[in-house]
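Notes follow once the structure below has been shown.
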Amino acid sequence: MSTFSLSEIATGDSAPSSALADKLRDVAPGIAAALAWAAFGAACLVREDVGDWSRTTDLAIAAFVIAGLVLIVGVAASHLGRAGSALRRRSPWLLALGVFLTLWELATAKYAWLPLPFFPPPQAIIEIYTDDLPKLLDSVVASIKLQLGGYLIGAATGFITGVSIGWSARIGYWVHPVLRFIGPLPATAWLPIAFFAFPTSWSASTFLIALATGFPVTVLTWSGVASVPTAYYDVARTLGARPWFLVLKVAIPAALPHVFVGLFMGLGASFAVLVVAEMIGVKAGLGWYLQWAQGWAAYANMYAALLVMSLLCSGAITLLFKTRDRVLIWQKGVVKW
Amino acid sequence: MVAAAEAVRAQCPGASIDIAHVDHAFDIDGAELKVLDDVSLIVEPGEFVALLGPSGCGKSTLLRLIAGLDKPRSGSLREDEVSIKGPHPSRVVVFQDPTLFPWRTVWDNVALGLEAQGILRKQRHRVDAALDLVGLTNFKNAYPHQLSGGMAQRVALARALVNDPKVLVLDEPLGKLDSLTRIAMQAELVALWQRKGFTTLLVTHDVEEALVLANRVIVLSDRPARIKADIVVDRPYPRHRGDPHLADLRRQILGLLGLEATW
């Protein structure tokens, strides 16, 4: 597919001398980004660190390597197909990132403009990832295990409850008041009770995460099922559908867009509970790692853990959205005859 | 068993519908709204009957009773002498809106009835045949949002026909289509009905549509609906819209509906 913008059409038949200018304009962002990363590398070497960090030289080398790669890919972008255009799109961000890292390096490790133990330099965080990796990885695995278990239990329970009360007035009669009473309570409010009511802190945390997930999933599944147009049921019934068919093949697929909103909201709520539960109860996971790092005033560890945590949460949401896009492919109005 | 049923169906594809003294009403905010008043009607197997009446008179309600989606307050409805107790795939409804399931492809929408009856796996060819019948084989993998209004209504028609209904119940199925698509689909409907031989009940408020399609036109009164006239349209198909006999009938029906002044 070829697309033309107005400016391209307008300049299409101008003098060939502008071809060079066009080429320059194409590669300029890539070159600028490469320069910014080279500046970062230089900033690492410009003078002695004010503190004692072991990874400064390694970081400088890495920055120069990245700068070189960005430069090569940026200049040759037009010959690299999709990878080239992907990089070109991102080069403003690469530039900003390079500038930010340079300033950060200068403001912390080189001139200590920012108070030191609280604002560690980039190399201190890199040092955590290289030297404290096993502990960090253990924490990541523990967090994922706890989160996944609680989330799946909560999502499944919420989905089944939501479908039940959306479908059956009798179940709704009993469950709805309970839901109204317990649902809006923040799951963390249960924390003190949960930790002595459950045999282990792990099961208590799982329960709390499931609770935080379950409420939005239940409410949105319920509203999704309740808002299915009756015409869908009429059509299915005249075609010979029995009640189970109406639930499984009409109500649930029609409610799925709502269900995914609930799953998204539940995911956000469960992250909050996960971190609190790990900080207070479970002696494992990234929340506990943060707590532990704070106890030792190990600020670099905290930043490192925060970064990992943010990547994990963002990754989980991306995964959910990708799943939604695949399941709800019929919703998109992309292809039209 | 299936073969025997097929044979019976081939012998007599349409069913008769016997409506006797049907009354129906809705409760709206505690007040009773009477919609059907002593409606009696016998539809012979294979007939094409149009139910014509002012909008909101209760003709769609009558169709819902025939489809088995609602139960009448009093009176009886029977299909081939068997009392109608609920919906059955032998009486399939095509509604004014195509109401296709947006999460299913065209093929899966058409397959709905066979799937609901648990016979899809053995009878997949019937879905293909129904799609072929309405000329949408090329669109079988499309999703409903990708279809035009006319195509969507054709899919709804195929979804009904795939069940080999004995009675096809049409609730203003062409009401929302543009006039050109509408004329084309009227011709398609007549052709399908002639080919398949099912009994057809069509609700419409379009006098011309009733006259072009049906061999009997039942004129209903304002709410509560009573049968005002039962007019036989004894003209061969395909019918010509300018046929003077149809023009006479049209004038007569408009008169019954209290619209002679506008004619």
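The values are calculated or read from the model by the stated rules, or taken from the named source; none is laboratory data. Keep in mind the model is a prediction, meaning the values are calculated, not measured. Neighbour counts are summed over all protein chains in view; Cβ atoms, including those assigned to glycine, are modelled from backbone coordinates with ideal geometry. Keep in mind that these areas ignore ligands, DNA and RNA; they rest on the heavy atoms of the full protein, side chains included. Shrake-Rupley method; radii C 1.70, N 1.55, O 1.52, S 1.80 Å.
Here are some notes:
- Rounded tilt (10° steps) of A:133-167 against the dominant C-alpha axis of chain A: 30 degrees
- For the range A:156-195, the Kirkwood estimate of hydrodynamic radius, built from reciprocal distances between every pair of different alpha carbons, is 11.3 Å.
- Between the range A:200-234 and the range B:153-202, the Cα center-to-center distance that results, in Å: 41 Å
- Net dipole in debye of the protein assembly as shown [+1 Lys, Arg Cβ; -1 Asp, Glu Cβ; about Cα centre; nearest 20]: 680 debye
- Tally of Lys pairs whose C-alpha atoms are under 16 Å apart, taken over chain A, 8 or more apart or cross-chain: 4
- In degrees, nearest ten, helix A:81-105 long axis to first principal axis of chain A (Cα): 70 degrees
- Only beta bridges with both residues in chain B are counted; by DSSP, about 50 percent of them are antiparallel.
- Summarising the overall dimensions of the range A:12-119 from its C-alpha atoms, the Rg and Dmax are 17.2, 60 angstrom.
- Under 20 Å from the Cα of residue B:228 - lysines, other chains or at least 8 residues apart: B:34, B:59
- Burial order of peptide ranges A:108-119, A:229-240 (average beta-carbon count within 10 Å, highest first): A:229-240, A:108-119
- Cut-off under 5 Å, modelled amide H: who pairs with residue A:239 long-range: none
- Alpha-carbon centroids, the range B:46-113 and the range A:42-92: separation in whole Å: 69 Å
- Between the amide H of residue B:41 and those of B:19, B:20, B:21, distances stay under 5 Å, these residues lying 5 or more places away or on another chain, with hydrogens modeled in the peptide plane.
- Å² of accessible area per residue within the protein assembly as shown, as computed with a 1.4 Å probe and no ligands counted: 51 Å²
- Computed over chain A: relative contact order in percent, which uses C-alpha pairs under 8 Å that are six or more apart: 16 percent
- Compactness of the range B:101-164 as Cα Rg over 2.2 N^0.38 Å, two decimals: 0.98
- Once you divide the Cα radius of gyration of the protein assembly as shown by 2.2 N^0.38 Å, the number left is 1.40.
- Ranking A:112, B:249, B:158 by how far each Cα lies toward the positive end of the dipole of the protein assembly as shown (charges on Cβ) leaves B:158 at the top.
- All Cα pairs of the range A:133-328, percent lying beyond 22 Å: 53 percent
- Solvent-accessible area buried by pairing B with A, both sides, nearest 100 square angstrom, 1.4 angstrom probe: 2300 Å²
- Simple Cβ-charge dipole of the range B:51-151, Lys/Arg +1 and Asp/Glu -1, about Cα centre, in debye nearest 20: 220 debye
- Amide H to amide H distances under 5 Å link residue B:228 with B:219, B:220, B:221, where only residues 5 or more positions off or on other chains count and H is placed in the peptide plane.
- Between the Cα long axis of helix B:244-256 and the first principal axis of chain B there is an angle of about 60°, rounded to the nearest 10.
- Chain B, relative contact order in percent, only Cα pairs under 8 angstrom and at least six apart counted: 26 percent
- Carbon/sulfur fraction of accessible area - chain B, other protein chains in place, 1.4 Å, %: 53 percent
- Relative contact order for the range A:133-328, counting Cα pairs under 8 Å that sit 6 or more residues apart, in percent: 28 percent
- Dipole of chain B, positive direction: furthest Cα of B:90, B:139, B:237, with charges on the beta-carbon: B:139
- Between the range A:249-325 and the range B:116-150, the alpha-carbon center distance in angstrom: 43 Å
- For residue B:85, the lysines whose Cα comes closer than 19 Å to its Cα, not counting residues fewer than 8 places off in the same chain, are B:71, B:166.
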